[in-house]
Every structure is written in C-alpha cells, then in structure tokens.
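Engineer: Encoded as structure tokens, here's the structure I'll be asking about.
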Amino acid sequence: MPAQRPASSGGSLAPDVAERVEPAVITPAMLEEEEQLEAAGLERERKMLEKARMSWDRESMDIRYRRLQHLLEKSNIYSKFLLTKMEQQQLEEQKKKEKLERKKESLKVTKTCACAEWQRN
C-alpha cells in the first residue's frame, strides 16, 4: 500500500488539489462590505480626532485661564506694593513738613524772645 501524506503536513499541495482551487472571486456584496468597513473606520478616526481636538482646545483654554489668573494676581500684588510705597512716601513728606513747621515756629519764638530781651536792655 502506498504511503499517504497527512493533510496537515507542510508539504506542497498535490497536483490534483491545485487544479481544483478556483480563482478568488470578489462579489459585489464583498465590495460593498469592504466599502462600509472602510467608511466606518474613517468615521471612527474622524470622531477620535475631533474628540482629541476638543480635549486639546479645552486644556489649552484652561492653561490660558490659569496663566491669566496668575498674571492678575501678580499685578494685584504689585499694585498693593506700590500703594504701600506711595503711602510711606506721603507719611515721610508729612513728617518732614511738620518738622519744618516746628523748626520755623521755634525760630519765630527764639527771634521773638531775642527781640524782647534786646528791647529790655
């Protein structure tokens, strides 16, 4: 009895099997299904890109908002600092004016006393 090859062996197909294989036929239903799958894939990709873009836009807006808040806080702090400096300068000027006024008063009193003593003598 001749030895038969098992069908699962890695050898080449027998000549009679090769003749029975028909050429691949692509039916209109197959083409339509392929087009539908391609369209569905493109739609999924479009939705995914749109979702990513919206997420990017939202994050970008959040980042810009936080940066703006930070700048406003810095501006507010600097404004308070300048106000404090201006108030300190005004107080110093007021103190200088008061000191000058007291000095003028003391000079007037000294002159008045000196004049009064001079007149007595």
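Coordinate-derived values only; no laboratory data. None of the values given here were measured: they were computed from a predicted structure. Cβ sites come from the backbone with ideal geometry, for glycine too, and all protein chains shown count toward neighbours.
Engineer: Fully extended, how many nm does the chain gain between residue 40 and residue 74 (0.36 nm per residue separation, minus their Cα-Cα distance)? Don't jump to the answer; show the numbers that get you there.
Structural biologist: Values: separation 34, 0.36 × 34 = 12.24 nm, distance 5.09 nm.
Contour length minus Cα-Cα distance gives 7.2 nm.
Engineer: Going by how many other Cβ atoms sit within 10 Å of their own, how do 25, 109 line up, fewest first? List each step's numbers first, then the result.
Structural biologist: On the way: 25 6, 109 10.
Listed from fewest to most nearby Cβ atoms, that is 25, 109.
Engineer: Once the mean 1/r over all distinct Cα pairs of segment 27-120 is inverted, what Kirkwood radius in angstroms do you read off? Please report the intermediate quantities before stating the final value.
Structural biologist: Numbers: mean 1/r = 0.0463 Å⁻¹.
One over the average 1/r among Cα pairs gives 21.6 Å for segment 27-120.
Engineer: Mind checking which lysines have their Cα closer than 28 Å to the Cα of residue 97? Skip sequence neighbours fewer than 8 apart in that chain.
Structural biologist: Straight-distance partners of residue 97: 80, 85, 108, 111.
Engineer: While we're on this one: Evaluate the distance, in nm, between pseudo-label points positioned 7 Å from the Cα of residue 82 and of residue 52 along their respective Cα→Cβ axes.
Structural biologist: 4.5
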